Amino acid sequence: MHLKSINLRGFRGFLSGIGAAEVSINLEALPPGLIAICGPNGAGKTTLLDNLHPYRIQPFKIRKAKDWSPGAFSYYDQCYGSDARKELVFDMGGQTYKSLIMIDADRKKQECYLYFLDVAGTWQPMNDGKTKTYDEAIEKVCGSPSLFFTSIFRCQGAKNLSDYSRSDIMGILSELLNIDHIRDQGDKARQVVKELTARINTHRALADAFRAEIEDADRVQEQISNLDVCIASANTDLKVARTSVEKTLGDLQAAKERQASATSELARRTQLEGTLADTSNRHHAAIQEISREFLALEKQSSDVTQKSNRESADVEAALARSRKIAGNATELREKAARYEAVSAQIEDQRREVAGFEPTRDYLAQRQRSISGAKLELSGLSNRLQLLVSARNSAMDKLSVEIASAKRDSAKLQGLDCHGDGSGSLNDSCRFISDAVKARDGLLGLEAQREALVAPGQDEIVLQQKIDVMSAVTDADESAYGSDFAAFQEQSAGAARLLKSMEDELAALAPWHKLVPELDIAEVTIKKGTEDLERISRESAAALADLDSRISALRDKQSRLVSEYEAAKFALEAQISVIEVDVDIAKQVLSLEQEYSRAQAAMTSAESLLRGHELQRAGLLSKASSADKARGEVEKSEAEIARLNSYVSSFSVLAKACSNDGIIALELDDAAPTIASIVNDLLRACYGSRFSIRMDTQAQKVDGGTKEAFDIVIIDSETENERSITECSGGQISWIEDAITRGICLFNIHRSDRAYDTLYSDEKDGAMDPDKKMEFYQIKRESLRTGTHSREFFITQTPEMMDLADARIVLGNGGVSVDAR
């Protein structure tokens, strides 16, 4: 199986892992060798690997299932939406195929197709789109899923080989060895034995029936003699019964003639009674029809009255409303005129209110100017404070210097020294020169301090400017306050007047709207009065016509009653003179019952006679067929012997083609070959310490052998042998990987299917770093010794990713191919 391309859409693993709704990969761009599928945990690596095959299975999802059946897996849990799909193009045995699985996860429906590419380059379907036919087509092309997912594809967490039952392993190896046809032959042979046994049982049953017939032949003659006596007695009883039937029939015919005359009279009376009943029914029907007409006319009269009342009420309602409007005509017109006047005044007042806006803007501008002046005045005050602070600071500094100079000059008191080198202390005068300098500079320092006592010119000018600006600002602010208060009062008064006008206009609006209705109301009053008169006239005319029709119906009803009473009296008179003999009917019924009993007795006698005669004929036939039955017994025994010889031959064939026959021999022959391939892989990758042996037989308690299956691990260092079920987790992982690869390589060499690709998912997780590298080497060795060209594998070991020949990387919202 050489993969060429894959497209996956609507898979949850990619959406949650890398945020991708669709993934497409050109697998032909990948080189031969080991292809690593890389990406962080949860990126969708297993989702991709689990779909790189055409089976309707994602193996990781059913790794703990009982078998690798498509029925154990559902795409609906792994996909979303109504248009999910999986499309895989691959080569198998020199033929190109395309697998297309369309999945509607919302409605839980699938359509599955397998196509092959014909010589013209056209895809030809191999099934009808149903899942069952698709699975059958895939198995014909690629083999069973059990073989594929046990030897070709090893998913993460898959069941260990040691956990498979003997029958499971034998089934896998049987398909691997391509010997399923032998089991099929055995099954067919067993079916033939079953059918032949059924035919033998049928012939035995026939032979037993014929033997029973022969044994009954001696008793048949005695039964015939007894039946002859019974037949004579039955003939006598039949003659008596026939005589009784003939007599009873004559009496019955005479009675029926008398009954016919009575029946004629009864028919005439019945006819007259029927005529009376018909006359009565017609009379009552006519009366009911007249009653219905009465009811219909009364309903029409009621309808006319109701209609007149409704129309009059509607007109009266319209008249009342129009009269109400017309009654308020003077007030309505006055208020409408006031509405027009107020509307005109409102426009003038709105213009007056709008005229305040420039003044409002001017006052706002004055407010901003006053605020700016205050801000400037604050800045000048801050500058004045800075000048005063600087002068005070200079005065404080001069006061410190003056005090220091006074202390230094005080040292000269009592000394005969003038600081010029003269006097008696000439040698030491040079040491008090600082005191002399302090004395001489003291007057200058005091003069400077006196000069700083009075404010400077800058301070005076700044203070004057502040005083002027304060006076101007205070005056502006006072004037602004007066102007603003007057403006507020004027604008508020204008606004209140406008609001009062608008309220009055709103109150007058309903009256203004009624002005157009006033003219309509006057017309309505005139027309309504005319309509009331018309409705009254039409109602009176209709009621008068209905009264006339009701009077005519009453006359018709009186006439019908008189005619009915006369007809009824005449018919009752004719019926009263007719007489009928009722006893004749009872006599006829009694004779008919007696005749029926006589006929039944005759029929019974005839049936008994025919039964005895038929039984006698059967016994005669049975007596004559005894010789024929002996011949049939001989034929059945010969056929049974012939069929038994076939049963023996086909039983031997069924045994030979069973699991204990040729299949067991094939498995016994294949196990060492597979073990040899596995040991070569182990030796090439792990050294000579470990090897395996596949045991297909086990020792029984009584010393014999029985069919079994076990994989034995041989440790040359400890000279120990143990079942694979007793190995540690890490050892099971890499030893079982070698075994499955051995089965795979054996499969590749023996099978008629070209599996060009292997698959494995994170099988190195339980290994230490050294064993991981050795585990990687087994992949290389398998490529070297096998005929497959590529292996797709998932690993979380960075070193194994780096050693791969190419990588498929999942991440950053998509999938990339690193062909290296």
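The values are calculated or read from the model by the stated rules, or taken from the named source; none is laboratory data. Fair warning: this is a prediction, and the values are worked out from it, not measured in the lab. Ideal geometry is used to build each Cβ from the backbone, glycine not excepted, and the neighbour counts take in all protein chains shown.
Condition (residue is more than 17 Å from Lys4 (Cα to Cα), surrounded by 18 or more Cβ atoms within 10 Å (Cβ to Cβ) and not aliphatic (A, V, I, L, M)) applied to the stretch 90-102: is it met by at least one residue? Looking through the stretch 90-102, none of the residues is more than 17 Å from Lys4 (Cα to Cα), surrounded by 18 or more Cβ atoms within 10 Å (Cβ to Cβ) and not aliphatic (A, V, I, L, M). Restricting the first member to the stretch 431-448 and to residues that are within 13 Å of Arg407 (Cα to Cα) and not assigned by TED's automatic domain parsing to the domain that holds Leu412, and the second to residues that are part of a helix (DSSP H, G or I) and at pLDDT 80 or above, no beta-carbon pair is closer than 7 Å while six or more apart or on different chains.
Look at the stretch 13-31: where a residue is under 21 Å from Phe90 (Cβ atoms) and exposed (fewer than 14 other Cβ atoms within 10 Å of the Cβ) and a partner is modelled with pLDDT under 90 and not hydrophobic (A, V, I, L, M, F, W, C), sitting 6+ places away or on another chain with Cβ atoms under 8 Å, you get Pro31/Arg820.
Residues considered: Glu592, Glu572, Glu613, Glu565. Of these, the only one that is assigned to a helix (DSSP H, G or I), modelled with pLDDT of 80 or more, among the acidic types (Asp, Glu) and over 60 Å from the mean Cα position of the chain (by Cα) is Glu565.
With the structure loaded, tell me whether Arg537 is surrounded by 14 or more Cβ atoms within 10 Å (Cβ to Cβ), under 30 Å from Glu293 (Cα atoms) and at pLDDT 80 or above or whether it fails that test. For Arg537, the condition - surrounded by 14 or more Cβ atoms within 10 Å (Cβ to Cβ), under 30 Å from Glu293 (Cα atoms) and at pLDDT 80 or above - is not met. Exactly one residue out of Leu387, Leu412 is more than 11 Å from Ala435 (Cβ to Cβ), assigned by TED's automatic domain parsing to the domain that holds Val468 and surrounded by 15 or more Cβ atoms within 10 Å (Cβ to Cβ): that is Leu387. On the stretch given as the stretch 109-151, residues that are touching a helix residue (DSSP H, G or I) at 6+ places or on another chain (Cβ under 6 Å) and either over 28 Å from Leu758 (Cβ atoms) or at pLDDT 95 or above (or both) total 6. Per the conditions (1) closer than 19 Å to Ile674 by Cα; (2) modelled with pLDDT under 70; (3) of a type outside the set (Ser, Thr, Tyr), the sole criterion not satisfied by Glu762 is (1).
Every condition in (1) within 30 Å of Gly94 (Cβ to Cβ); (2) at pLDDT below 80 holds for Arg780 except the one numbered (2). Glu707 meets all of the listed conditions (1) modelled with pLDDT under 70; (2) surrounded by fewer than 21 Cβ atoms within 10 Å (Cβ to Cβ); (3) in a loop (DSSP other than H, G, I, E, B); (4) not hydrophobic (A, V, I, L, M, F, W, C) but one, namely (3). Could you go through the stretch 251-274 and let me know if any residue there is under 30 Å from Leu553 (Cβ atoms) and among the hydroxyl-bearing types (Ser, Thr, Tyr). No: the stretch 251-274 contains no residue that is under 30 Å from Leu553 (Cβ atoms) and among the hydroxyl-bearing types (Ser, Thr, Tyr).
Note on the stretch 710-726: among residues that are within 20 Å of Ile674 (Cα to Cα) and not in a strand (DSSP E or B), the one that is modelled with the lowest pLDDT is Thr725.
Close contacts from the stretch 36-56, counting a first residue that is within 26 Å of Gly143 (Cα to Cα) and assigned by TED's automatic domain parsing to the domain that holds Ile808 and a second that is part of a loop (DSSP other than H, G, I, E, B) and at pLDDT below 95, with Cβ to Cβ under 6 Å and a gap of 6+ residues or different chains, come to Ala36/Ala804; Lys45/Gly39; Asp50/Gln58.
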